[in-house]
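One structure is given here, and the rest of the page talks about it.
The values are calculated or read from the model by the stated rules, or taken from the named source; none is laboratory data. Just so we're clear, the structure is a prediction, and the values are computed from it rather than from any experiment. Cβ placement follows ideal geometry from the backbone for every residue including glycine, while neighbour counts extend to all protein chains displayed. Each accessible area value is taken on the protein alone, full model and side chains, heavy atoms only, with ligands, DNA and RNA left out. Shrake-Rupley method; radii C 1.70, N 1.55, O 1.52, S 1.80 Å.
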Amino acid sequence: MSVFGPVVKIHPVVLASICDSYERRNEGASRVIGTLLGTIDKHSIEVTNCFSVPHNESEDEVAVDMEFAKNMYELHKRVSPTEVIIGWYATGFDITEHSVLIHEYYSREASNPIHLTVDTALQSGKMNIRAYVSAQMGVPGKTVGVMFTPLSVKYVYYDTERIGVDLLQRTRVTPSRTKGLTSDLSQVGGAAARVQDMLTTVLAYIEDVLSGKVTADNSVGRFLMDLVNKVPTISPEDFENMLNSNINDLLMVTYLSNLTQVKIALSEKLVLL
């Protein structure tokens, strides 16, 4: 959908915060808005954080608490000084006349800010997420308008965010929509099982190609060759020793963390006494 411009990379915590703000909106409010924080480079804009901004909106006017937005940004800078204002978000599917007015304010706070829309009402059956950048249009010296041009949106995550996303995905298949955190050993076992399943699929494909049941795909063959080249040359005995050593380290860390929790709990009870 993008025409030009940088790629907008969005982290899961941003989308979760926007959805939470929408669920907690004031009674009668049709949408919520907020400030987007992140980093900018030559080819992309990475959205890593955000916060909602109180506003009142009617058919004739819109009022935004700019002082609240400034104070919140100052507090965020103390925690994450590398994050800067890169634009703003609004829930909903369309860009309204009020969006132009709000975008003008953020144009004073950031150079060429982006506008992110999140369809929390699921009008099309899914949560459409779009990013725009504004550009002036019109005849010089006459009335000038604003055109919002779409940008490419990409979803990225840190390793810690991936844990939360995977946990949320698992709640989809549980009737109660709840799922507890698994232990480190359970995660290792689950990862090993997934790797084994993928290897079984790869071996079945190779056997079908060799037997003539399936036509060979050159692109798949190149991917498999790259995969084989990335596997280090190591004997089964050395690999088993390395794996056992890592598991022992994991068990030791788990034991020490549990022991620390017990000591902290005992110390709290002794202080109360």
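Would you check if Glu83 is over 20 Å from the mean Cα position of the chain (by Cα) and of a type in the set (Asp, Glu)?
No: the conditions fail for Glu83.
Name the strands (runs of 3 or more DSSP E) wholly inside region 35-137 in which the number of residues that are polar (S, T, N, Q) and open to solvent by less than 60 Å² (accessible area, probe 1.4 Å) is 2 or more.
On the way: elements: 44-53, 55-57, 62-64, 84-91, 114-118.
Per the criteria, 44-53.
Any residue in region 56-69 that's farther than 19 Å from Ile95 by Cβ: show its pairings with residues that are part of a helix (DSSP H, G or I) and not β-branched (Val, Ile, Thr) at Cβ separation under 7 Å, as long as the two are six or more apart or on different chains.
Final answer for the pair search is Met66/Tyr105.
Considering only region 8-34, state which residues are open to solvent by 50 Å² or more (accessible area, probe 1.4 Å) and under 21 Å from Lys126 (Cβ atoms).
Lys9, Val13, Ala16, Asp20, Glu23, Arg25, Ser30
Please state which one of Thr201, Thr174, Thr215, Thr182 is more than 25 Å from Arg162 (Cα to Cα) and either at pLDDT 80 or above or open to solvent by less than 90 Å² (accessible area, probe 1.4 Å) (or both).
That would be Thr215, the only listed residue that is more than 25 Å from Arg162 (Cα to Cα) and either at pLDDT 80 or above or open to solvent by less than 90 Å² (accessible area, probe 1.4 Å) (or both).
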